[in-house]
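All remarks here apply to the structure that follows.
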Amino acid sequence: MVEWTEGGALHRASWRSESGAPPPARIRVVDDRITAEEAYGEACQGVSLLWRGDFHNARQMLSAMARRADRRVPGSLSGAVTAERFHRHRQLRAQRARTLAQLLVPLDAQYRVPLRRGPQLAEACLEVYGPGTEPSLVALRELLGVVGAFEWRRKGMEIEAVGGKIHPHYGVFAPVRREYVDLVAAAPVAFEDVSKRAAFDLGTGTGVIAAVLARRGFGRVLATDLEPRALACARANLESLGLASQVEVVEADLFPAGRAALVVFNPPWLPIRPSSRLEAAIYDPDSRLLSRFLVELPAHLDPDGEGWLILSDLAEHLGLRTRDALLAKFDAAGLEIIERRDIRPSHPRVADARDPLHAARALELTSLWRLRAR
């Protein structure tokens, strides 16, 4: 719960933050009369601004604050992007996010926005936060993300390799980078009758890779995850694709019990600590998850089985990991390389010269490493 004084009275509300941000320590009630310069200055000092004006003006205020914050974040990093420069850039981005998160809006117990021209957001909030029981405060930036994710989930993403749409849930990594899906769909399967073989999809997320494996004919697919939202998302997607009888979604810490002919893993690709819960699909501190997968893989493979590791080499171009270090992990785990298949990412940032990491992204390759136990 958070407390603040407004109109001479003490007010209380619950605090909502999907990123795990702490509740505001200082709250100032503001409305349309505050200037963007003043609002940004207060936010930089750690003052949370509880908006009581027009909702659309709050969105405009957030945009104005973002423009001021962007002046402190370099638009591009010329030349090679070293690990030190990447960490500095990431710190600036995190500071920007914290500053913009200081602009708060109220929600009542039914997720109505009690502001002028407040939109109807109850359905989107219900999916993310669950049933409401009391008034709450939330960062406007997060609330807009909740609404955007709700629309994205409702619309879905057409994925050719699964023969239908994937509907990502809030907080579940969406298959925006289609190259890893294409790699799994095209890599050769060395087994004669896959309908009699099992496959594992570790950290399934939306269930998209599990769906590809099912479409490729594996008779039994086990898709694992630990996050409740991912488990629910994968089950819903596999049901809508007509694959629920072929794919079992199970709660497991990486590997399920038993062995399989094929084990597929698309781990977080940057070996540093995430700054929020929502970044866990991208950042793997010290490559701990990657290392664990490699070490435990042989014990979960059939005698003729393969492990498919899908990994971007962006960390190498950022100076966060070397190719020799990756190959040494394979060797230490008792694994040998059957084949490596590369694909160049096609997401918009690759071609965006204004992106601060453009020099590294322009060199990025995503690889599917076919591995087997020695």
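The values are calculated or read from the model by the stated rules, or taken from the named source; none is laboratory data. From a predicted model like this one, the values you see are computed outputs, not experimental measurements. Using ideal geometry, Cβ is built from the backbone for each residue, glycine included, and neighbour counts are taken over all protein chains shown.
What number of residues in segment 185-216 are charged (D, E, K, R), surrounded by 16 or more Cβ atoms within 10 Å (Cβ to Cβ) and part of a loop (DSSP other than H, G, I, E, B)? Of the residues in segment 185-216, 2 are charged (D, E, K, R), surrounded by 16 or more Cβ atoms within 10 Å (Cβ to Cβ) and part of a loop (DSSP other than H, G, I, E, B). The sole residue among 22, 74, 106, 114 that is over 30 Å from residue 360 (Cβ atoms) and either at pLDDT below 95 or assigned by TED's automatic domain parsing to the domain that holds residue 275 (or both) is 22. Identify, by number, the condition in (1) over 24 Å from the mean Cα position of the chain (by Cα); (2) in a helix (DSSP H, G or I); (3) of a type in the set (D, E, K, R) that residue 229 doesn't meet. Tallying (1) over 24 Å from the mean Cα position of the chain (by Cα); (2) in a helix (DSSP H, G or I); (3) of a type in the set (D, E, K, R), residue 229 fails exactly one: (1). Figure legend. Inter-residue proximity from segment 315-330: first residues farther than 21 Å from residue 359 by Cβ, second residues surrounded by 18 or more Cβ atoms within 10 Å (Cβ to Cβ), beta-carbon distance below 6 Å, spacing 6+ or different chains. Indicated pairs: 329/294.
Looking at 81, 162, 146, just one residue is β-branched (Val, Ile, Thr), within 23 Å of residue 177 (Cα to Cα) and in the same structural domain as residue 244 (by TED's automatic domain parsing), and that residue is 162. Being touching a His at 6+ places or on another chain (Cβ under 9 Å), assigned by TED's automatic domain parsing to the domain that holds residue 184 and crowded, with 21+ Cβ neighbours inside 10 Å: is that true of residue 307 here? Yes; evaluated as a whole, the condition is true for this residue.
Find the residue count for segment 245-303, including only residues that are part of a helix (DSSP H, G or I), touching a strand residue (DSSP E or B) at 6+ places or on another chain (Cβ under 8 Å) and within 21 Å of residue 180 (Cβ to Cβ). Here the count works out to 5. With respect to the stated conditions, residue 182 fails to be within 24 Å of residue 258 (Cβ to Cβ) and either buried (at least 17 other Cβ atoms within 10 Å of the Cβ) or touching a helix residue (DSSP H, G or I) at 6+ places or on another chain (Cβ under 8 Å) (or both). Looking only at residues of segment 1-30 that are among the polar types (S, T, N, Q) and in a strand (DSSP E or B), we find that the one that is surrounded by the most Cβ atoms within 10 Å (Cβ to Cβ) is 14.
Just one of the listed residues (115, 143, 126) is hydrophobic (A, V, I, L, M, F, W, C), under 17 Å from residue 55 (Cβ atoms) and more than 18 Å from the chain's Cα centre (by Cα), and it is 115. With respect to the conditions (1) surrounded by fewer than 13 Cβ atoms within 10 Å (Cβ to Cβ); (2) not in a helix (DSSP H, G or I), residue 368 lacks only one, and its number is (1). I'd like the full set of residues that are assigned to a loop (DSSP other than H, G, I, E, B) and surrounded by 12 or more Cβ atoms within 10 Å (Cβ to Cβ), limited to segment 31-41. Of everything in segment 31-41, those that are assigned to a loop (DSSP other than H, G, I, E, B) and surrounded by 12 or more Cβ atoms within 10 Å (Cβ to Cβ) turn out to be 31, 32, 34. For segment 323-337, indicate whether the set of residues that are touching a strand residue (DSSP E or B) at 6+ places or on another chain (Cβ under 7 Å), surrounded by fewer than 16 Cβ atoms within 10 Å (Cβ to Cβ), β-branched (Val, Ile, Thr) and under 18 Å from residue 184 (Cβ atoms) is non-empty. Looking through segment 323-337, at least one residue is touching a strand residue (DSSP E or B) at 6+ places or on another chain (Cβ under 7 Å), surrounded by fewer than 16 Cβ atoms within 10 Å (Cβ to Cβ), β-branched (Val, Ile, Thr) and under 18 Å from residue 184 (Cβ atoms).
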